[in-house]
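The values are calculated or read from the model by the stated rules, or taken from the named source; none is laboratory data. Predicted, not measured: the structure shown is a model, and the values here were computed from it. Because the Cβ atoms are built from the backbone with ideal geometry, glycine has one as well, and the counts that use them run over all protein chains shown.
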Amino acid sequence: MGFQKADAVFFITPEEMNFAINKWKIDSAKCKTVPFGVPVKENPADREACSNKVRVLHHIPGDEKILLFNGLLSYQPNIDALKYILDHINPLLEKENNFRYKIVICGKGLPAKMNELKNYESHNVIYAGFVEDIEMYFKAAAIFLNPVQTGGGIKTKMVEAIAYGTTVVATESGAAGIERAACGDKLYAVADNDWQCFAATVLKAASTESATPQSYYKTYYWGEIAKSAEKMM
């Protein structure tokens, strides 16, 4: 195996590194973790401007929170997560009379049988499809929903969402691989399949506004990652 001959082997998450050490018997001294990075080095200053643009595009009133889900919808773990939102999380949020919101779904590959989610338009759901500027949507959103429960590795969209100043509510499986200590109060993780708790946590997260802490960018900004990787060699 080529890994055995390498001077160093980099992994995105500690879980992947430990798997390689234990299953493939790679020398632990060669193994390093280098996280998935983002090109953003501080909490964006244009979140409000982006929010206003998305609201105009999709006719979302100013008093409604924007909740976002994004991903390739031909990928089974993502379509499963979308169904959790539509079938479990959103019905619970709809029961909260004082919570005004829209769930914006971005991503290509939605199965034709789901009819562009037209049946959910009257239930606070907007299907935006593939969007050219996903960064604008991340910045516009108050909360990124990540109810993913299958699929390995770190969920890169979640890393990007926090980098753009958005709070993430995720399942424990969805939050796997991320350095939680670096996230501050920008990441809430709840037990898999506990949709009542997930919805309640969305309400809690939506009631507070906070910037992404600098500790996050120290961990996930590519510039900082490159410096750390250089020191490892």
Review point. Are any of the residues in the range 203-221 assigned to a strand (DSSP E or B) and under 21 Å from Arg100 (Cα atoms)?
Key: no
Review point. Quick check: is even one residue across the range 134-156 over 16 Å from Asn78 (Cβ atoms), free of Cβ contacts under 8 Å to residues at least 24 places away in the same chain and charged (D, E, K, R)?
Key: no
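Among residues belonging to the range 88-123 that are hydrophobic (A, V, I, L, M, F, W, C) and touching a residue at least 40 places away in the same chain (Cβ under 8 Å), point out the one that is farthest from Gly71 (Cα to Cα).
Phe99
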Review point. Of all residues in the range 156-207 being under 30 Å from Ile225 (Cα atoms) and among the basic types (Lys, Arg), which is surrounded by the fewest Cβ atoms within 10 Å (Cβ to Cβ)?
Key: Arg180
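Is it the case, given these coordinates, that Ala175 is in the same structural domain as Lys65 (by TED's automatic domain parsing), of a type in the set (A, V, I, L, M) and farther than 28 Å from Arg100 by Cβ?
Values: in the same structural domain as Lys65 (by TED's automatic domain parsing): yes; of a type in the set (A, V, I, L, M): yes; farther than 28 Å from Arg100 by Cβ: no.
In short, no.
Residue by residue, here is whether (1) among the charged types (D, E, K, R); (2) at pLDDT 80 or above; (3) in the same structural domain as Tyr164 (by TED's automatic domain parsing) holds:
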position	(1), (2), (3)
Asp7	yes, no, no
Phe11	no, no, no
Pro14	no, no, no
Ile21	no, yes, no
Lys25	yes, yes, no
Ser28	no, yes, no
Cys31	no, no, no
Val34	no, no, no
Review point. Quick one: is Phe144 surrounded by fewer than 19 Cβ atoms within 10 Å (Cβ to Cβ), among the aromatic types (Phe, Trp, Tyr) and assigned by TED's automatic domain parsing to the domain that holds Asp63?
Key: no
